[in-house]
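Participant: Dropping a structure here in structure tokens format, bear with me for questions.
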Amino acid sequence: MDDRVKLYVMGISYSQLHSGAFALLLAQEGGPYRIPVVIGAAEAQSIAIRLEGINPPRPLTHDLFVSFAHAFGVKLKEVFIYKFEDGVFSSELTFSDGDRTIVLDARTSDAIAIAIRTRTPILTTNAILQETGFIIDDDGALRHPDEIDPEAIDDNDDPMDDDSDLLNVRGADYMAEPKLENYAIEELERTLAQLIEDENYEEAARVSEILNRKRAARDGNK
């Protein structure tokens, strides 16, 4: 359990490279790391509505799920992002009715949408944090930890503890772009097709190179 790290939702931004997708930015609680997660439009809308405190006239799917669970005395205890593979984060939901505890697999976007409605802790491992996390530098850009001077990192850095612009980032648009290397193969294929359609051949070449590497790695593991 000591290996687990608590996260919270900082915000959502539109993905400039991946048409129809959004970047959900998760932040390490009490630390400098940020994790961008690619999610779909429907899940992004569901999360954004809750972050902004908007009450839709009729319950959304995630609202209905939460109401159903509460009606039967079932409580969500935690969301655990336990794996990152081929650009995809895998999550588990731990439920309890007081007598039984059940763990269910879920898409990370759905898990987060439910977690923010129930004020449930969102956790991951240090290994996933180190592999997928970034650090916000003084210019507000996301940098990989390898690009940051370790002595410049404050382990107790929390955007909620200072007077910077990050104070307003919860629930707001935050332009965090996920690394292309973290995209799944299917996502890279769609991104490549869109870039070619837009005649952005320089970026398409970069995406194609990453895609070929991922395909080779996948085929080599078969």
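The values are calculated or read from the model by the stated rules, or taken from the named source; none is laboratory data. Predicted model only: the values in this text are computed from it and were never measured. Glycine also receives a Cβ, built like all others from the backbone with ideal geometry; neighbour counts cover every protein chain displayed.
Participant: Take the residues of region 1-49 that are of a type in the set (D, E, K, R) and modelled with pLDDT under 90: which is farthest from Ile112 (Cα to Cα)?
Facilitator: Among those that are of a type in the set (D, E, K, R) and modelled with pLDDT under 90, it is Asp2.
Participant: Wholly within region 69-122, which strands (runs of 3 or more DSSP E) include no fewer than the required count, namely at least 1 residues that are under 14 Å from Leu24 (Cα atoms) and touching a Lys or Arg at 6+ places or on another chain (Cβ under 9 Å)?
Facilitator: Ranges flagged: 88-96.
Participant: Anything in region 45-62 that is in contact (Cβ under 8 Å) with a residue 60 or more places away in the chain and under 26 Å from Ile135 (Cα atoms)? List them, or say none.
Facilitator: Those that are in contact (Cβ under 8 Å) with a residue 60 or more places away in the chain and under 26 Å from Ile135 (Cα atoms): Ile47, Ala48, Arg50, Leu51, Glu52.
Participant: So, in region 106-138, of the ones that are acidic (Asp, Glu) and more than 22 Å from Ser67 (Cβ to Cβ), which residue ends up surrounded by the fewest Cβ atoms within 10 Å (Cβ to Cβ)?
Facilitator: Among those that are acidic (Asp, Glu) and more than 22 Å from Ser67 (Cβ to Cβ), it is Asp138.
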